[in-house]
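Colleague: I have a structure here, written as structure tokens, and I will follow up with some questions on it.
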Amino acid sequence: MGETLEALLKLQSVELQLVTVRRRLSRQSAAVDAQQDRIKQLEGEFERLHVETLQRQKGAGALELDLKSREEEVAKLRASLNTAKTNKEYAAILTQLNTVKADNSRLEDQALRLMQQVDEARVKAEEVRKQLDQATQQLEEIQRTSAEEVGRLEEMIAKLQEKRDGAAGIVPPAPLAVFERIASMRDGEAMAKIEIEGKKPPHEYICGGCFMSIAAENANALQTRDELRFCDHCGRILYLAREGSAGGDSPPSGASEHASPRGA
């Protein structure tokens, strides 16, 4: 393998570590954001229940005032019954009295339902308040642990960036520009090893990035020339690994996870 491809492989090793650490840093911020969103949701639910309680209390209060005035009307109608002079007048007053009493009964039921709903809303609001208190405590803990982890990850990124700058400095400008363009689209995985299948010729050549077949001429060219060859399917830079090269099958040191899923 030529010097350019070797240099690019060393650069990719650091690039993948950077992608991994940056992703972990992003997850720390996402955890805080998710908890803050949860708190906002609970605050909105608590406010909704509070407003609902006030509105129903107001409605129940208005019904009570209405009922009070209607009870006064009932009292007057009962008094009128005693002073009725004819059966017709008595019957008319009695009909009116029964109508008002029936209306009052419906209003009483409505007021009772409203007060029951007020009690239910208060219970729900108290449950939400407890959840809100708990979520706020959890946020404080997440922020504390996240701050510690963020500081550690940012220190790792600074060291890796310095290491990456050094690795990039030994790559010629033109190949470096190609690498960075592909890496930006592939989560740092700009290169793919050519996998050779079959113990005897004719071998089948597979792109280790997207697992699609590639032309044998790519492998043949890379055996003798230090040049950039690309997968026709995923566009990654192809290389042939040899024992002890930077692009072997072992993962880059310091990376705790794959920088990106394999495949196109």
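The values are calculated or read from the model by the stated rules, or taken from the named source; none is laboratory data. Predicted, not measured: the structure shown is a model, and the values here were computed from it. Quick reminder, even Gly has a Cβ in these numbers, built from the backbone with ideal geometry, and neighbours come from all protein chains shown.
Colleague: Quick one: would you say residue 125 is of a type outside the set (S, T, N, Q) and touching a His at 6+ places or on another chain (Cβ under 7 Å)?
Modeller: Values: of a type outside the set (S, T, N, Q): yes; touching a His at 6+ places or on another chain (Cβ under 7 Å): yes.
Answer is yes for this residue.
Colleague: For the range 166-196, enumerate the residues that are acidic (Asp, Glu) and touching a helix residue (DSSP H, G or I) at 6+ places or on another chain (Cβ under 9 Å). Even if it seems obvious, please write down each step before you answer.
Modeller: Step one: of the range 166-196, the residues acidic (Asp, Glu) are 180, 187, 189, 195.
Correct list: 180, 187, 189.
Colleague: Let me ask something additional. For the range 59-101, enumerate the residues that are under 30 Å from residue 119 (Cα atoms) and among the small types (Gly, Ala, Ser).
Modeller: Across the range 59-101, the qualifying residues are 59, 60, 61, 62, 69.
Colleague: I would also like to ask the following. Within the range 158-181, does at least one residue satisfy the condition of being surrounded by 14 or more Cβ atoms within 10 Å (Cβ to Cβ), of a type in the set (Asp, Glu), over 28 Å from the mean Cα position of the chain (by Cα) and over 30 Å from residue 41 (Cα atoms)?
Modeller: Yes.
Colleague: For the range 137-195, give me each residue that is within 17 Å of residue 237 (Cβ to Cβ) and acidic (Asp, Glu).
Modeller: Result: 180, 187, 189, 195.
Colleague: Follow-up question, since we're still on this one. Go through the range 42-59 and give me each residue that's among the hydrophobic types (A, V, I, L, M, F, W, C) and touching a Lys or Arg at 6+ places or on another chain (Cβ under 9 Å).
Modeller: Let us first name the residues in the range 42-59 that are among the hydrophobic types (A, V, I, L, M, F, W, C), namely 42, 46, 49, 51, 54.
Across the range 42-59, the qualifying residues are 42, 46, 49.
Colleague: So which residues in the range 177-212 are in contact (Cβ under 8 Å) with a residue 60 or more places away in the chain and not in a loop (DSSP other than H, G, I, E, B)?
Modeller: Going through the range 177-212, the residues in contact (Cβ under 8 Å) with a residue 60 or more places away in the chain turn out to be 179, 183, 186-191.
Matches in the range 177-212: 179, 183, 191.
Colleague: May I pose another question? Which is at pLDDT below 90, out of contact with any Ser or Thr (no Cβ under 7 Å at 6 or more places or on another chain) and crowded, with 16+ Cβ neighbours inside 10 Å, of 81, 77, 112, 132?
Modeller: On the way: 81 fails: crowded, with 16+ Cβ neighbours inside 10 Å; 112 fails: crowded, with 16+ Cβ neighbours inside 10 Å; 132 fails: at pLDDT below 90.
Result of the check over 81, 77, 112, 132: 77.
Colleague: Please determine, by comparing only the residues of the range 89-109 that are touching a Leu at 6+ places or on another chain (Cβ under 7 Å) and of a type outside the set (Phe, Trp, Tyr), which one is surrounded by the most Cβ atoms within 10 Å (Cβ to Cβ).
Modeller: If we filter the range 89-109 for residues that are touching a Leu at 6+ places or on another chain (Cβ under 7 Å), which is where we start, we get 90, 93-94, 96-97, 100, 104, 107-108.
Filter once more, keeping what is of a type outside the set (Phe, Trp, Tyr): 93-94, 96-97, 100, 104, 107-108.
Values: 93: 19, 94: 15, 96: 14, 97: 17, 100: 16, 104: 16, 107: 15, 108: 14.
The residue in question is 93.
Colleague: Further question: Quick one: what pairs do we get from the range 17-33, first residue on the phi > 0 side of the Ramachandran plot and in contact (Cβ under 8 Å) with a residue 60 or more places away in the chain, second surrounded by 16 or more Cβ atoms within 10 Å (Cβ to Cβ) and of a type in the set (S, T, N, Q), C-beta under 8 Å, 6+ apart or different chains?
Modeller: That search, which allows pairs on different chains as well, returns nothing.
Colleague: Among the residues of the range 59-74, how many are loosely packed, with under 12 Cβ neighbours inside 10 Å and either closer than 30 Å to residue 120 by Cβ or in contact (Cβ under 8 Å) with a residue 12 or more places away in the chain (or both)? Show your work before the answer.
Modeller: Here is the first cut: in the range 59-74, the residues loosely packed, with under 12 Cβ neighbours inside 10 Å are 65, 68-69, 72.
Filter once more, keeping what is either closer than 30 Å to residue 120 by Cβ or in contact (Cβ under 8 Å) with a residue 12 or more places away in the chain (or both): 65, 68-69.
Final tally of qualifying residues: 3.
Colleague: When you check residue 14 against the structure, is it surrounded by 13 or more Cβ atoms within 10 Å (Cβ to Cβ), of a type in the set (A, V, I, L, M), over 30 Å from residue 132 (Cα atoms) and within 26 Å of the chain's Cα centre (by Cα), yes or no?
Modeller: Details: surrounded by 13 or more Cβ atoms within 10 Å (Cβ to Cβ): yes; of a type in the set (A, V, I, L, M): yes; over 30 Å from residue 132 (Cα atoms): yes; within 26 Å of the chain's Cα centre (by Cα): no.
No, not satisfied.
Colleague: Quick one: residue 124 ticks every box in (1) at pLDDT below 90; (2) in a helix (DSSP H, G or I) except a single one, so which number is it?
Modeller: (1)
Colleague: If you don't mind, another one. If I ask for residues that are closer than 30 Å to residue 7 by Cα and charged (D, E, K, R), which ones from the range 135-165 would you list?
Modeller: 152, 154, 155, 159, 162, 163, 164, 165
Colleague: Considering each of 190, 221, 216 in turn, give the residue that is of a type in the set (Gly, Ala, Ser), closer than 22 Å to residue 22 by Cβ and either surrounded by 13 or more Cβ atoms within 10 Å (Cβ to Cβ) or at pLDDT below 95 (or both).
Modeller: Details: 221 fails: closer than 22 Å to residue 22 by Cβ; 216 fails: closer than 22 Å to residue 22 by Cβ.
So the residue among 190, 221, 216 that is of a type in the set (Gly, Ala, Ser), closer than 22 Å to residue 22 by Cβ and either surrounded by 13 or more Cβ atoms within 10 Å (Cβ to Cβ) or at pLDDT below 95 (or both) is 190.
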